[in-house]
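The next block holds one structure in the form of structure tokens; read it before the comments.
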């Protein structure tokens, strides 16, 4: 389901609910807000089955399936938070507790937190370990930092330059 199908479904449910829930007494009305429970169940099922490492796959089928899955998850997440008005922080906590961390670097939970970045400020400060010199390839006193930092030239820097880059990067200066 894409976002527009979900909105259309919500409008249909609302209309059906208004037509079917009036009894003999017009003041007696029960609400069924967009069938929130089924949408919530669908969301949790999707995040449990999602391939969090799809972006590393050499097989285009797995990569494409992962991108498609992530897009659907984000659409359902938006429906829950923006349309059904589910508390984003609470849903994030439930999501993190519902899905086990599958990778030692925290990829699973980091990805889930990123999905919530449009709805929660600072995304609960995603824990990323600061870079150290040891993380960079060193050859003859020169360090290769071109894959982490946008450096003019070939990407190789001196130890002093690397320490300055790390100091700025690890303190939030980009």
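Consider residue 117 carefully, then state whether it is closer than 28 Å to residue 8 by Cα, assigned to a loop (DSSP other than H, G, I, E, B) and assigned by TED's automatic domain parsing to the domain that holds residue 10. For residue 117, the condition - closer than 28 Å to residue 8 by Cα, assigned to a loop (DSSP other than H, G, I, E, B) and assigned by TED's automatic domain parsing to the domain that holds residue 10 - is met. Being surrounded by 12 or more Cβ atoms within 10 Å (Cβ to Cβ) and modelled with pLDDT of 80 or more is the filter; apply it to the stretch 125-136 and report the residue that is farthest from residue 48 (Cα to Cα). Filtering the stretch 125-136 for residues that are surrounded by 12 or more Cβ atoms within 10 Å (Cβ to Cβ) and modelled with pLDDT of 80 or more, the one farthest from residue 48 (Cα to Cα) comes out as 133.
Would you pick out the residues in the stretch 47-83 that are closer than 16 Å to residue 115 by Cβ, outside any helix (DSSP H, G or I) and in contact with a helix residue (DSSP H, G or I) (Cβ under 6 Å, 6 or more places away or on another chain)? Within the stretch 47-83, 50, 51, 52 qualify. Taken together, the criteria exclude residue 122 from residues that are more than 27 Å from residue 42 (Cα to Cα), out of contact with any strand residue (DSSP E or B) (no Cβ under 9 Å at 6 or more places or on another chain) and either at pLDDT below 90 or surrounded by 14 or more Cβ atoms within 10 Å (Cβ to Cβ) (or both).
The values are calculated or read from the model by the stated rules, or taken from the named source; none is laboratory data. Values in this document were obtained by computation on a predicted structure and should not be read as measured data. Quick reminder, even Gly has a Cβ in these numbers, built from the backbone with ideal geometry, and neighbours come from all protein chains shown.
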